[in-house]
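Worksheet: one structure, shown below.
The values are calculated or read from the model by the stated rules, or taken from the named source; none is laboratory data. Here the structure is a predicted model, which is why all the values come from computation and not from measurement. Cβ sites come from the backbone with ideal geometry, for glycine too, and all protein chains shown count toward neighbours.
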Amino acid sequence: MTDGNSKVMTSTDFHALAQEVLGRGGSFRFRVRGRSMMPFVRPGDVLLVEPVDPARLRTGEIILFHQRSTSHVVHRLIRRVKRDGRLVFIAQGDNSAIADAPILAEQVLGRVVGIEREGRRLRLDRGPGRLLNRVIYYLRGLAPWRPRACRRLARVPWRWLGRLMWRQA
């Protein structure tokens with residue numbers, strides 16, 4: 001199945017590709033399919049992932065990790081803890097009310113540093129995109145997009161912010 005130049009690959013192939021590219025210090029892009037990070041990351045968005053030393057990850061950043069039970073997940077890092085002398089991460093989707101199972105440092109593949117949508121680009125590692133990413137992290141408990149009645153109302157500020165922050169690709 002193809003969509004322009006992109007192909008849908010198996011989880012095993014994706015994992016091997018991600019490890020190979022990120023392990024050599026490169027970055028890669030892929031198209032999102034899930035809705036767990038809405039409205040910040042939407043299905044069809046293309047994410048730019050760069051390698052990262054898990055010890056240098058900060059809360060609020062969006063990470064790509066491999067979960068044993070499912071496949072690959074892109075969620076926001078909400079907590080870092082030490083358990084039995086090992087660094088463990090807790091992540092959660094912006095559109096989810098509960099956190100994921102603890103993630104070991106070995107499961108982290110990379111950090112999301114950019115989002116591409118409809119020919120526009122937002123960098124999350126610098127400038128206004130980084131600020132927006134931090135604001136969403138701090139306000140995640142309010143999550144006005146979760147209750148159905150508030151979804152339509154929540155679209156207004158996102159459109160306004162989008163016009164200010166997204167740049168032409």
ask   = Do we find a residue being within 14 Å of the chain's Cα centre (by Cα) and at positive phi anywhere in the stretch 63-84?
value = no
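Within the stretch 40-59, can you find the residues that are in a loop (DSSP other than H, G, I, E, B), of a type outside the set (A, V, I, L, M, F, W, C) and over 21 Å from Val135 (Cα atoms)? Show your work before the answer.
Restricting attention to the stretch 40-59, the residues satisfying the condition of being in a loop (DSSP other than H, G, I, E, B) are 40-45, 51-53, 57-59.
From what is left, the residues that are of a type outside the set (A, V, I, L, M, F, W, C) are 42-45, 51, 53, 58-59.
Residues satisfying the conditions are Pro43, Gly44, Pro51, Asp53.
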By residue number, the members of the stretch 110-120 that are assigned to a strand (DSSP E or B) and surrounded by fewer than 16 Cβ atoms within 10 Å (Cβ to Cβ) are Arg120
Here the qualifying pairs (Cβ atoms under 8 Å; residues six or more apart or on different chains; first in the stretch 94-108 and of a type in the set (A, V, I, L, M); second assigned to a loop (DSSP other than H, G, I, E, B) and modelled with pLDDT of 90 or more) come out as Val108/Val52; Val108/Leu57
Residue within the stretch 128-135 that is out of contact with any helix residue (DSSP H, G or I) (no Cβ under 8 Å at 6 or more places or on another chain), surrounded by 15 or more Cβ atoms within 10 Å (Cβ to Cβ) and at pLDDT 90 or above present: no
Restricting attention to the stretch 58-106, the residues that are surrounded by fewer than 19 Cβ atoms within 10 Å (Cβ to Cβ), touching a Ser or Thr at 6+ places or on another chain (Cβ under 9 Å) and of a type in the set (D, E, K, R) number exactly 2
### Query
Quick one: would you say Ser36 is closer than 14 Å to Gln92 by Cα and hydroxyl-bearing (Ser, Thr, Tyr)?
yes
